[in-house]
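Quick one: the structure is below, questions incoming.
Just so you know, all these numbers are worked out from the coordinates, no wet-lab data involved. Keep in mind it's a predicted model, so treat the numbers as computed, not measured. So basically every Cβ, Gly included, is an ideal-geometry build from the backbone, and we count neighbours across all protein chains shown.
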Amino acid sequence: MEVQLRPDLQRFIEQRVETGRFRSAADVISNALEQMRELETDSQDDLKELREEIAFGMEQSQRGESAPLDLADLKRKAKERAASISSGS
């Protein structure tokens, strides 16, 4: 397979090889693709978990087991979750 990369990406790959962290450009690209695949898999898993939690919450609500919604707390938790995703935690 042959791939054409922009010059800035070529240089980025070359720099990673020069640091000694990777043995070749192919190693850099393979590593990047593995991380991309892992991120996509994690995102799908997170989405599945979120859907399950929503369904559980809807069932609780239908049984009258719900509590008042605290929007400030919900926003805080969403910001914390976004920050942890951004930082790779």
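Put a dot 7 Å past each Cα toward the Cβ at residue 15 and residue 70; how far apart are the dots in nm?
Distance between the two pseudo-spin positions: 4.4 nm.
Can you give me the angle between helix 71-86 and the longest principal axis of the chain, using Cα atoms only, in degrees from 0 to 90, rounded to the nearest 10?
Value to nearest ten degrees: 20.
Then there is this: Mind checking the angle between helix 25-62 and the chain's longest principal axis? C-alpha axes, 0 to 90 degrees, to the nearest 10.
0
Here is a further query. Could I have the simple spin-label model distance between residue 52 and residue 81, label points 7 Å from Cα toward Cβ, reported in nm to one decimal?
1.5
May I ask for log10 I(q)/I(0) of the chain at q = 0.23 Å⁻¹, from a Debye sum over the Cα atoms as equal point scatterers with solvent left out?
Scattering profile of the chain, log10 relative to I(0): -1.19.
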